[in-house]
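Structure, as C-alpha cells:
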Amino acid sequence: MLKRNIMLAAAAVTLVLGGGALAQSGGPIKIAHVYGKTGAFEAYSKQTQRGLMMGLEYATQGSMTVLGRKIEIIEKDDQLKPELGKSLLAEAYGDDGAHLAIGPTGSNVALAMLPVAEEFKKILLVEPAVADSVTGDKWNRYIFRTGRNSSQDAISNAVALGKPGVNVATLAQDYAFGRDGVAAFKEALAKTGATLAFEEYAPINTTDFTASAQRLFDALKDKPGRKVIWVIWAGGTNPLGKLKDLNPERFGIEISTGGNILPALVAYKDLPGMEGATYYYYEIPKNPVNAWLVAEHQKRFAGEPPDFFTAGGMAAGIAVVEALKKAGSTDTEKLIAAMEGLEFQTPKGRMVFRKEDHQALQSMYHFKIKTDPNVKWAIPELVRELKIEDMQIPIRNKR
C-alpha cells in the first residue's frame, strides 16, 4: 500500500511538472500592434513597426522566442481613427487572445484606447503617441509608455531655448499632441526666465500657414530681446518652410522646433544654426544597442539609417521581452510588478519605467543644425545630452 501511494504521489508530481512545462512551452505569446498603418502618420508607423520587429529580434538573440514560447505579432490598422482604434484593441484582447498590446501612433487614438486596457485588465505599451495625458490625467495602471511624452519634448526644448530676455510664441496642431506639448513647454519655459508671448493652434492637416504666421509675427515683432517661434508639429505638412518663406527675419524672429524624421529634416537645411532638442538621431547615441541597430538597418535596407520612430519601436520590443523575462509569465499582475521600475537598454541607452505613472524616463538631445552638401537632410549636431537626472519630468496622473 505504501509503495502504491509513493507511486501515485510521484505520478502527481510528474503531472504538475509536466503541465508547467507544457504551459511554458505552449502556445505563442500574442502581442497586438495597433497603429496607424494608413493615414497622415503612415511614415511614422512604418518606422515603428520595423523597429519593433528588430527590437524583438535583438532582445531574443534572433530566436523570436521568450519563456520557451514563440512571439506572435497581431497587426491592426487603426487608420488614426480613435473609435476604430478602440474597437480593434478590444478585438485583439477579446477575440484574438492577445496577452498585451503595443501602440498606437496618434495621441487621440491612444486616449480612446486607454479605457479598453483597463476594461480587459491587460497591458497597453504606448509607442509612439506623445500626449502627456496618456500617462497623465487619463492614465490607468495598465498603461506603460516607452515613447517620450510631451513634457520630455517640452522640457528639453525649453532648456535648449529658454533664458531671461527670450520671447517665444508657439505654433502647434489643434489636438492632444499639440495642446499637451504647448502646455508642458509653457510650464518648463517659465522656469528658465523666458516669456511665452502667444499660442497659435491650427488644424492637424493645415497647409496654408499665412494667417497663423501673421498672428505669430504680430505677437513677437515689437518684443525686445531674442524672439523665437517654437513649432510642435507632426505629419506630412511643413510649417517650417512656410514660415521661413514669409521672412520672419525682417522682424528679427527665429524659428525653432524639435527633432523629426529624416525626410522632414530636409526642410531644416534652410535653418542652419537652429537649436532645439530631439528624441533621437542615429549618429548621436553611442552604445551597443544603437550600434547594432544602425549597422543592421543599413545592411538590410539599402544603406538607409534607422530613423526617429525606428528607435522607439525597438525600445518597445526590447521592453516587452525584458518584462516577460523578469515576470516569468504573461500574467498581467506579474508583468505590472516586473515593469514598475524596470531598467532596460535601448538605442538611446538606459530607460526606466517610473513606478508612479509608468512613463519611460530617458535621455533627450540638445542639438544645433549643421548642413553638409553631401547629406540630403540637415544634421542635428549634438550640443549636449540631457540625461534622466537633468530633467524633472512632472508626474501628472491622479494615482
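The values are calculated or read from the model by the stated rules, or taken from the named source; none is laboratory data. All figures in this text were calculated on a predicted structure; none of them were measured in a lab. Cβ atoms come from the backbone with ideal geometry, glycine included; neighbour counts cover every protein chain shown.
Here GLN49 fits the description: polar (S, T, N, Q), within 30 Å of GLN173 (Cα to Cα) and surrounded by fewer than 24 Cβ atoms within 10 Å (Cβ to Cβ). For region 217-231, a residue qualifies if it is more than 18 Å from ALA378 (Cβ to Cβ) and either in contact (Cβ under 8 Å) with a residue 24 or more places away in the chain or not assigned by TED's automatic domain parsing to the domain that holds MET274 (or both), and the qualifying residues are PHE217, ALA219, LEU220, LYS221, LYS223, PRO224, GLY225, ARG226, LYS227. Tell me yes or no: at least one residue of region 341-360 is surrounded by 14 or more Cβ atoms within 10 Å (Cβ to Cβ), outside any helix (DSSP H, G or I), touching a helix residue (DSSP H, G or I) at 6+ places or on another chain (Cβ under 6 Å) and among the charged types (D, E, K, R). Yes, the conditions are met somewhere in region 341-360. Restricting region 373-394 to residues that are assigned to a loop (DSSP other than H, G, I, E, B) and not aliphatic (A, V, I, L, M), the residue that is surrounded by the fewest Cβ atoms within 10 Å (Cβ to Cβ) is ASN374. Checked against the criterion of being in contact (Cβ under 8 Å) with a residue 24 or more places away in the chain, over 17 Å from GLY85 (Cα atoms) and of a type in the set (Lys, Arg), region 122-138 contains not a single residue that satisfies it.
May I ask you to verify whether GLN345 is within 17 Å of the chain's Cα centre (by Cα) and within 30 Å of GLY26 (Cβ to Cβ)? Yes: the conditions hold for GLN345.
Listed by position, the strands (runs of 3 or more DSSP E) contained in region 121-228 that have at least 1 residues being surrounded by fewer than 17 Cβ atoms within 10 Å (Cβ to Cβ) are 195-202. The listed residues are ASN157, ASN205, ASN238, and the only one of them that is more than 18 Å from the chain's Cα centre (by Cα) and within 16 Å of ILE255 (Cβ to Cβ) turns out to be ASN238.
Within region 24-45, does at least one residue satisfy the condition of being among the acidic types (Asp, Glu) and modelled with pLDDT of 95 or more? No, that holds for no residue. Being hydrophobic (A, V, I, L, M, F, W, C), in the same structural domain as SER133 (by TED's automatic domain parsing), crowded, with 20+ Cβ neighbours inside 10 Å and in contact with a His (Cβ under 8 Å, 6 or more places away or on another chain), is that true of even one residue in region 314-333? No: zero hits. Taking only region 229-262 into account, find how many residues are buried (at least 21 other Cβ atoms within 10 Å of the Cβ) and among the aromatic types (Phe, Trp, Tyr). Going through region 229-262 one residue at a time, the tally reaches 2.
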